[in-house]
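Readers should treat all values here as calculations from the given coordinates under stated rules, not as data from a laboratory. Since the model is a prediction, treat every value here as computed from it, not as a measurement. Virtual Cβ from ideal backbone geometry, glycine too; neighbours counted across all protein chains shown.
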Amino acid sequence: MSGLRTWLKREPGVGLLMSAPAVIGLVLFIALPFALAVTLSFTNLRMGSPLPTEFIGWEQYRRIFMADSFRRALINNGIFAAVIVPLQTALALGLALLLNRQLKGMILYRTLFFMPVVFPLSLISVIWILIYAPGPNGMMNTFLSLISFGRIPPLDMLHTRYLALPAIMLCSIWQGVGFQMIVILAGLQTIPEVLYESARIDGAEAWSRFWHVTLPQLRNAIIFTALVTTILAFRVYAQVEIMTRGGPNDATTTVMYETVETVFQRLQVGQASAMTVVFFLIVLLVTLVQRVLVKQEREIE
């Protein structure tokens, strides 16, 4: 390995050659499409329109921020991410701690919890539509009636304004928690046992060992899963399209859903491009804020 490192240092062009496929992929599938979206966002391009495409400046951005549906989509996305990220991360941490044990059959349980991650979101959405079936015979309604001793009446969750978004959140948490769990579980298995032994010798109880040993050692894993979950939370689309179609009354519409509807239903390519640019900038800003907060915390430590 030392000889290989020396050779790479002497031949810097080799490093550039090895990174070329990744760089080409980033340029072709990220940089160029985004540049095209920025360009189109300053035009009035509309599919099927006989009128010529014209440069209209910031007009598309003014229109989308004046639209109630787009503002509602931004709010829904913010609420969705604010709930999903901490709740799913905490649940994944709890599951990882439970499954990080040397017990018989533990591999089976880990596989079962991870399986929803590999299933198509379309299939999962259909399954949860069946779970949320209205009426007393629906699976979720039966469960709620059982735990409340019949005090909770049957609910039509996907068609009730204040229940539709939480219903999609629950589906998303169930589908995505397995990925976070695996990442955190991998982090748990890299923690040296000597740290726990030293803590026991010092008289630390289970909670103290978790707070002062486990959490600090899982810092990078938790930060990684939180960042990825934040990005995925802003990209939510399939569940909304299949389960509620943005309803009822825009209660579950998201930026991704609104953008797709603008392109394929209203045929407004320029307006959808403006939504894409705004969406990208919001996700970039949220990611940068998270990184800054993490950096400040490291400096304090």
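Per residue, the convex hull spanned by the Cα atoms of region 173-221 measures out at 73 cubic angstrom. A DSSP coil position with no more than 13 other Cβ atoms inside 10 Å describes the following GluC sites (Glu not before Pro) in region 191-253: Glu205. Residues whose amide H comes within less than 5 Å of that of Thr252, counting only those at least five positions distant or on another chain, are Gly247 (H built at 1.01 Å from N in the peptide plane). Charge tally for Leu165 (other residues, Cβ to Cβ under 12 Å; Lys, Arg +1; Asp, Glu -1): +1. For the chain, modelled as a GNM whose springs connect Cα atoms under 10 angstrom apart, the maximal fluctuation among Gly270, Gly25, Gly78 occurs at Gly25. When the chain is treated as a GNM with alpha-carbon contacts under 10 Å, the residue of Leu17, Leu165, Leu36 showing the greatest mean-square fluctuation is Leu17. Taking chymotrypsin sites (Phe, Trp or Tyr not before Pro) as exposed when DSSP calls them loop and at most 10 other C-beta atoms lie within 10 angstrom, the chain has its longest site-free stretch at 150-301.
Of the trypsin sites (Lys or Arg not before Pro) found in region 64-160, those that fall in a DSSP loop while having at most 10 other beta-carbon atoms within 10 Å are Arg101, Lys104, Arg151. Screening the chain for whole DSSP H helices of 20 Å or more along their axis (Cα) with average Kyte-Doolittle hydropathy at least 1.0 returns 12-26, 68-99, 161-188, 219-234, 269-300.
For Thr43, the residues whose modelled amide H falls within less than 5 Å of its own, excluding neighbours fewer than 5 places apart on the same chain, are Ile56. Close amide H partners of Leu155, meaning residues 5 or more places away or on another chain with modelled amide H under 5 Å apart, are Gly135. Here the 3J(HN,Hα) profile of region 238-243, calculated from phi with Karplus coefficients 6.51, -1.76 and 1.60 at θ = phi - 60°, is 4, 4, 5, 4, 7, 8 Hz, Gly and Pro shown as x. Electrostatic tally near Glu54: other residues with Cβ closer than 15 Å to its Cβ, Lys and Arg +1, Asp and Glu -1, net +1.
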